[in-house]
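Everything below concerns the one structure shown next.
The values are calculated or read from the model by the stated rules, or taken from the named source; none is laboratory data. Only a predicted model underlies this, so the values are computations on that prediction, with no experimental measurement involved. Cβ: placed from backbone, ideal geometry, glycine included. Neighbour counts: every protein chain shown. In case anyone asks, the SASA skips ligands and DNA or RNA and just uses the protein heavy atoms, side chains included. Shrake-Rupley method; radii C 1.70, N 1.55, O 1.52, S 1.80 Å.
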Amino acid sequence: MMSTNTLEDNINNLKNYIEYFPDFPKPGILYKDILSVFNSADGIQLMDRILKQISFNFHGKIDCIAMLESRGYMIAPILALELNVPCIPVSKKGSLPGPVIELSYVLEYGEDSLELQLNSIKKGQRILLVDDFLATGGTLEAASRLIKKCGGEVVHGFVLMEKLELNGRNKLDFPIVSILSE
C-alpha cells in the first residue's frame, strides 16, 4: 500500500528509528545511529519513501551520484534508481580494484585517504555527493576535491543527518540537503 504521508510526516516517523549509543566511539560522545532504520522492513520502506520524495530536489540537476563508503552505499543506490543515473563509489584507501586516483586529507585527529576508480567520472558530469552524516565536513570536502580532480563537478550534497554545531557545511562549496539536523 502506498503511503500518502508528506515528506515532513515521514521524516518525523524516521526519528523513531534512531538508536542512541552513549560513549561511542569514545567516552563523552552520544552516538545517534540513524541507520538502525534498516533493522526492520517497515524502516526500510520508510527510508525508501523518504529518498524517493527527496529525489525530486535533484531531477534534471545531476548526471551521477558519488556515494561515500560505507553508509552512503546504503542510501545512494535508491536515489540513483529513482533519478535514473549511475552511482559510483568513493572509498577508503585499498577498497577499490583496478586503477584508482587517491587523495589524502587531514581529519581532526589524524589523516585519511579516499580513492575513486579512474574513468568512473566523465569530464563535466554534475555529481550528487551522498553520505549518511555531516559533522565537520572533512570527508565530504575531500571527496569533492577528488571528484574535481577527475573532472566532475559536485553540484549538490545529500546526508541523512547533520550536526549543526560543527558547521561542516561551511567547508563545502556546494549546497547540502540534510533531512535531520541537531
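Computed quantities for the displayed model
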| read-out | value |
| --- | --- |
| Expected-Rg normalisation [2.2 N^0.38 Å, Cα atoms] applied to region 7-181 | 1.01 |
| Net +/- balance of residues flanking P86 in space, Cβ distance below 14 Å, scoring K and R +1, D and E -1 | 0 |
| Computed FRET value (nearest 0.05) for L107 with T4, which takes r as the C-beta separation and R₀ as 35 Å | 0.25 |
| Per residue accessible area of the chain, 1.4 Å probe, in Å² | 53 Å² |
| Calculated over region 110-182: convex hull of Cα atoms, volume per residue (Å³) | 84 Å³ |
| Among the listed pairs K93/K149; K32/K122; K122/K163; K15/K148; K26/K148, those beyond 27 Å (Cα-Cα) | K32/K122; K122/K163; K15/K148; K26/K148 |
| By average C-beta atoms within 10 angstrom, highest first, the peptides 134-140, 45-51, 56-62 | 134-140, 45-51, 56-62 |
| For region 67-98 and region 100-145, distance of Cα centres in Å | 12 Å |
| Rounded percent of accessible protein surface that carbon and sulfur make up, region 7-181, 1.4 Å probe | 51 percent |
